[in-house]
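Peer 1: Here it is: the structure, laid out below.
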Amino acid sequence: MRFFLHLSYSGFNYRGWQRQSNVISVQEIIENRLTSIFKEPVFITGCGRTDAEVNANQYFAHFNREDYWDFDLMFRLNKCLPDDISIHDIIPVDNNHHARYNAKRRSYDYYIHTEKNSFLRKYSTLYTESILDIDKMGEAIEIIKRQKDFRAFCITPESHKSTDCIVYDVKLFTSLDHKKIRFHIECNRFLRGMIRILVGHLFAIGSNKQSLETFESHFISNQTPEKFDVAHPQGLYLSKVEYPYLSIPTKPIFFGDSDDYWEEVV
């Protein structure tokens with residue numbers, strides 16, 4: 001029998017999702033707790049990797065069991081997991097359903113705050129540029145919408161068989177008080193470092209350190225710039241993962257984080 005774990009986590013204290021030697025990962029923590037509960041090794045497969053300190057508002061992983069259990073596994077698992085990892089559902093699925101390979105669409109959000117806030121430091125990126133041209137950043141969004149090959153926005157393009165990504169949606173939002181910014185992108189897949197590099201370019205464009213023409217030229221040449229800024233990890237969230245057979249609404253990340261809190265830049 002196969003089961004999907006629907007979960008979320010704050011990545012600040014972890015070196016990413018995937019189990020690695022000599023560092024703490026989200027996968028290792030959950031596998032260890034499941035192994036302790038079932039008294040036998042349990043291995044889980046995640047829907048993808050997230051880098052160190054990157055968050056997931058919605059994440060799926062699967063594990064296999066020969067038999068069903070006769071206790072409240074979600075309650076027991078949440079009770080023994082740290083506060084920064086939450087299990088929301090445990091869903092029986094067909095044995096051929098795969099958390100990673102069957103995901104058809106992923107969404108990420110990147111959060112920025114422009115005034116120092118001690119309570120947001122682990123969950124959003126502080127960017128204190130005094131003058132930020134939001135309209136130019138909005139024009140850059142339109143450039144991204146037209147693209148397919150993101151080779152120039154990948155840390156290790158040679159590690160991918162293809163650097164093409166299907167962009168379903170990309171938007172830029174500001175809060176109604178214009179003190180927070182949110183970058184949203186939905187694709188079929190993402191390359192390593194792609195979103196944080198794109199956000200770094202958006203910052204450069206908004207602060208007039210890079211022109212829109214230069215930004216677009218990277219897509220045309222497919223050449224990785226010799227130097228570029230990569231946005232900090234803590235502002236990045238894997239916000240939704242969709243399958244042909246499963247799509248679960250996401251929960252707000254912050255208090256007041258609803259559709260009427262944000263205004264799209266057009």
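Only the coordinates and a few stated rules stand behind these numbers; no lab work does. Because the structure is predicted, anything quoted here is derived from the model rather than measured. Cβ coordinates were reconstructed from backbone atoms using ideal geometry, including for glycine residues, and neighbour counts include every protein chain displayed.
Peer 1: Would you please classify the overall shape of the range 2-93 from the alpha carbon gyration tensor, given that a ≥ b ≥ c denote the square roots of the eigenvalues, rounded means a/c under 1.5, and beyond that prolate means a/b larger than b/c while oblate covers the rest?
Peer 2: Prolate, because a/c is 1.5 or more and a/b exceeds b/c.
Peer 1: Hey, another quick one. Work out the FRET efficiency for residue 39 and residue 161 from their Cβ-Cβ distance, taking R0 = 30 Å, and round it to the nearest 0.05.
Peer 2: 0.15
Peer 1: A further question on this structure: Assuming R0 = 35 Å, can you tell me the calculated FRET efficiency for the pair residue 129 and residue 20, based on Cβ-Cβ distance, to the nearest 0.05?
Peer 2: Given R0 = 35 Å and the Cβ-Cβ separation, E is 0.50.
Peer 1: Given the pairs 161/209; 171/240; 122/251; 104/148, which are separated by over 21 angstrom at their Cα positions?
Peer 2: Beyond 21 Å: 161/209.
Peer 1: Moving on to the next point. Regarding the chain, what whole-number volume in Å³ per residue does the convex hull of its Cα atoms give?
Peer 2: 143
Peer 1: Next question. Considering Cα pairs under 8 angstrom that are at least six residues apart, work out the relative contact order of the chain and quote it in whole percent.
Peer 2: 24
Peer 1: Choose one answer from 71, 228, 173: the residue with the largest mean-square fluctuation in a GNM of the chain with alpha-carbon springs under 10 Å.
Peer 2: Of the options given, 71 has the highest mean-square fluctuation.
Peer 1: Taking the chain as a Gaussian network, where each spring joins two C-alpha atoms under 10 Å apart, which residue of 211, 21, 239 fluctuates the most?
Peer 2: Judging by the Gaussian network model, the answer is 21.
Peer 1: Here's something else I'd like to know. Fewest Cβ neighbours within 10 Å first, please rank 69, 262 accordingly.
Peer 2: Placing the least packed residue first, the sequence is 69, 262.
Peer 1: Quickly work out the residue 216-to-residue 72 label distance, labels modelled 7 Å from Cα along the C-beta direction, and quote it in nm with one decimal.
Peer 2: Label-label distance for residue 72 and residue 216, simple model: 5.8 nm.
Peer 1: Mind checking the full-extension length gain between residue 122 and residue 32? Use 0.36 nm per residue of separation minus the Cα-Cα distance, one decimal, nm.
Peer 2: Stretched fully, the residue 122-residue 32 segment lengthens by 29.9 nm.
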